[in-house]
Amino acid sequence: MLKVIDPATEELLAELEEDDAGTLARKTAAARAAQPAWAAMPLADRLGTVGRFGQLLQLRRDSLALTLTAEVGKPIRQSRNELTAMQDRIAFFLQHTAAAIEEEVVLRSPGPPPLEELIRYEPLGIVASISAWNYPYFVGSNVFLPALLTGNAVLYKPSEHATLSGLAIAELLHEAGVPGEIFLPVVGAGGIGKTLVGQDVDAVCFTGSYATGRRVAEAAAPRLLPVHLELGGKDPAYVCDDVDVAAAAAALAEGSFYNGGQSCCAVERIYVHRRIAGVFVKALVDAARALVVGDPRDERTDVGPLARREQLDVLEAQVADAVAHGARLALGGRRRAGRGYYFEPTVLTSADHSMTLMREESFGPIIGIQEVGNDGEAVSLMNDTAYGLTAAVYTRDRARAERILAQVNAGSAYWNCCDRVSPRLPWSGRKHSGLGTTLSVAGIRTFVQPKAWHLKCGV
């Protein structure tokens, strides 16, 4: 049985029957049998089911948010924000899927003999999706919405830490009209995820750590399966010497500590120009100190518990290592006493790249700050990482920001903002941050395969 634990109280929320190799094989066979009919359905009908799914999400937003908060510890306001923002994501896919997969005529030659060259887009077939707990609606929908709309069946394994939300997603999709054999939830932890990758599927999508993502890729490689990986990050931000310090500090406090720092593109390291370092650090510490840590069901709470107990050990080790290498603890630095997986919002200054804090993923409410003397030094440090998800620059000068960000090897570039994802823009990582693209028109085409048609008349 899979135990679902409330990270704020450490109480048992639910016990769920897990899938095994036998149930997975039956689900895969059912999806294989049902997928051709789903793909043959008019696109307008598939669009209609996803539109109804969006309506149901809106109607049940508050109860779904409570479930999400209970199982992952996300503050209730932030859970509602995630569900509310789903409407923009759904609207994008509804508006752009038809054009993204429309037949393309690339040549019409009158001959003789007449010749046409066409590109038609076909679904992949069965998509195995192993999703994440930190944003189960966002991360999950990046895959299952375009996959379903383009005619695929989906075997969807939510994270074991967000299984209740994953089952709620399945229930709403089925109520909206998606057949049960086309969207099949899979319940279990890492072992069942490994079994899922080994099923007769046509593509694998995984969101999680680099180490696990590499194992997923290795398991899929012998079959040459398309693999999409959204993995870790160590996302940097650089604060130039011409900023509005208070505004930059407020923005970066939110970018570092929103959702307890457990966002895929949370800011994990800050570089600040030496000329303003003192005043910026004070402003950031003041902003972090003002955050309310507490019961995630309380409307006033800004930072709830971590979703996973084991991450507390990671954060404590990073703090200890940083202090041992010369960092100064300006705020926080320890887990909170009592029940729940709470870690205090933490700021360390005088950081450098000898510290795990600045090199390894934290995924918690902790930030290291390093001073730099110029833009070139900032670029060098921003690129000194195995990851490449996002990077941010704060400056009044757009040309300066674009010049800096053009030199940073990351999938997303932010000027005077951070920790932001748009359905209109591609979401992709470089280096150890992953493979492939979701969101945008490119993300729709992730779930189709082109077929080249050579049509010659008169033979």
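Collect the residues in the stretch 267-300 that are under 30 Å from Ser63 (Cβ atoms) and either touching a Lys or Arg at 6+ places or on another chain (Cβ under 8 Å) or at pLDDT below 95 (or both), keeping them in residue-number order.
Listed by number, the residues that qualify are Val292, Val293, Gly294, Pro296, Glu299.
Which condition from (1) open to solvent by less than 60 Å² (accessible area, probe 1.4 Å); (2) part of a strand (DSSP E or B); (3) acidic (Asp, Glu) is the one that Glu82 breaks?
(2)
Among what's in the stretch 16-51 and is hydroxyl-bearing (Ser, Thr, Tyr) and open to solvent by less than 30 Å² (accessible area, probe 1.4 Å), pick the residue that is farthest from Val178 (Cα to Cα).
Restricting to residues being hydroxyl-bearing (Ser, Thr, Tyr) and open to solvent by less than 30 Å² (accessible area, probe 1.4 Å), the top hit is Thr28.
If the requirement is being in contact (Cβ under 8 Å) with a residue 12 or more places away in the chain, in contact with a Pro (Cβ under 9 Å, 6 or more places away or on another chain) and within 17 Å of Gly140 (Cβ to Cβ), which of these qualifies: Val187, Val267?
Only one candidate qualifies: Val187.
Might you let me know whether the stretch 335-347 holds any residue that is among the polar types (S, T, N, Q) and touching a Lys or Arg at 6+ places or on another chain (Cβ under 7 Å)?
Among the residues of the stretch 335-347, not one is among the polar types (S, T, N, Q) and touching a Lys or Arg at 6+ places or on another chain (Cβ under 7 Å), which makes the answer no.
Might you check whether a residue that is among the β-branched types (Val, Ile, Thr), within 30 Å of Glu122 (Cα to Cα) and modelled with pLDDT of 95 or more occurs anywhere in the stretch 404-419?
For the stretch 404-419, residues among the β-branched types (Val, Ile, Thr), within 30 Å of Glu122 (Cα to Cα) and modelled with pLDDT of 95 or more: absent.
If you check every pair at least six apart or on different chains, which have Cβ atoms under 6 Å apart with a residue in the stretch 235-257 that is touching a residue at least 12 places away in the same chain (Cβ under 8 Å) first and a residue that is among the basic types (Lys, Arg) second?
Hits for this filter: Pro236/Arg269; Asp241/Arg275; Asp242/Arg396.
Please state which of the following conditions Leu224 fails to meet, knowing it meets all the rest: (1) under 16 Å from Leu124 (Cβ atoms); (2) open to solvent by less than 20 Å² (accessible area, probe 1.4 Å).
Every condition holds for Leu224 apart from (2).
Conditions tested, residue by residue: (1) open to solvent by 30 Å² or more (accessible area, probe 1.4 Å); (2) in contact with a strand residue (DSSP E or B) (Cβ under 8 Å, 6 or more places away or on another chain); (3) within 18 Å of Gln262 (Cβ to Cβ); (4) not aliphatic (A, V, I, L, M).
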residue: Pro110; (1), (2), (3), (4): yes, no, no, yes
residue: Ile119; (1), (2), (3), (4): yes, yes, no, no
residue: Val127; (1), (2), (3), (4): no, yes, no, no
residue: Ile130; (1), (2), (3), (4): no, yes, yes, no
residue: Asn142; (1), (2), (3), (4): no, yes, yes, yes
residue: Ala153; (1), (2), (3), (4): no, yes, no, no
residue: Lys157; (1), (2), (3), (4): no, yes, no, yes
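Looking only at the stretch 292-304, decide whether some residue is out of contact with any Phe, Trp or Tyr (no Cβ under 6 Å at 6 or more places or on another chain), within 26 Å of Asn409 (Cβ to Cβ), open to solvent by less than 10 Å² (accessible area, probe 1.4 Å) and touching a residue at least 12 places away in the same chain (Cβ under 8 Å).
Checking the stretch 292-304: not a single residue is out of contact with any Phe, Trp or Tyr (no Cβ under 6 Å at 6 or more places or on another chain), within 26 Å of Asn409 (Cβ to Cβ), open to solvent by less than 10 Å² (accessible area, probe 1.4 Å) and touching a residue at least 12 places away in the same chain (Cβ under 8 Å).
Considering only strands (runs of 3 or more DSSP E) fully contained in the stretch 340-459, which possess at least 3 residues that are open to solvent by 60 Å² or more (accessible area, probe 1.4 Å) and of a type outside the set (D, E, K, R)?
Those strands (runs of 3 or more DSSP E) span 448-456.
The values are calculated or read from the model by the stated rules, or taken from the named source; none is laboratory data. These figures come from a predicted structure and were not determined experimentally. Cβ atoms come from the backbone with ideal geometry, glycine included; neighbour counts cover every protein chain shown. With ligands, DNA and RNA removed, areas are computed over all heavy atoms of the protein, side chains included. Shrake-Rupley method; radii C 1.70, N 1.55, O 1.52, S 1.80 Å.
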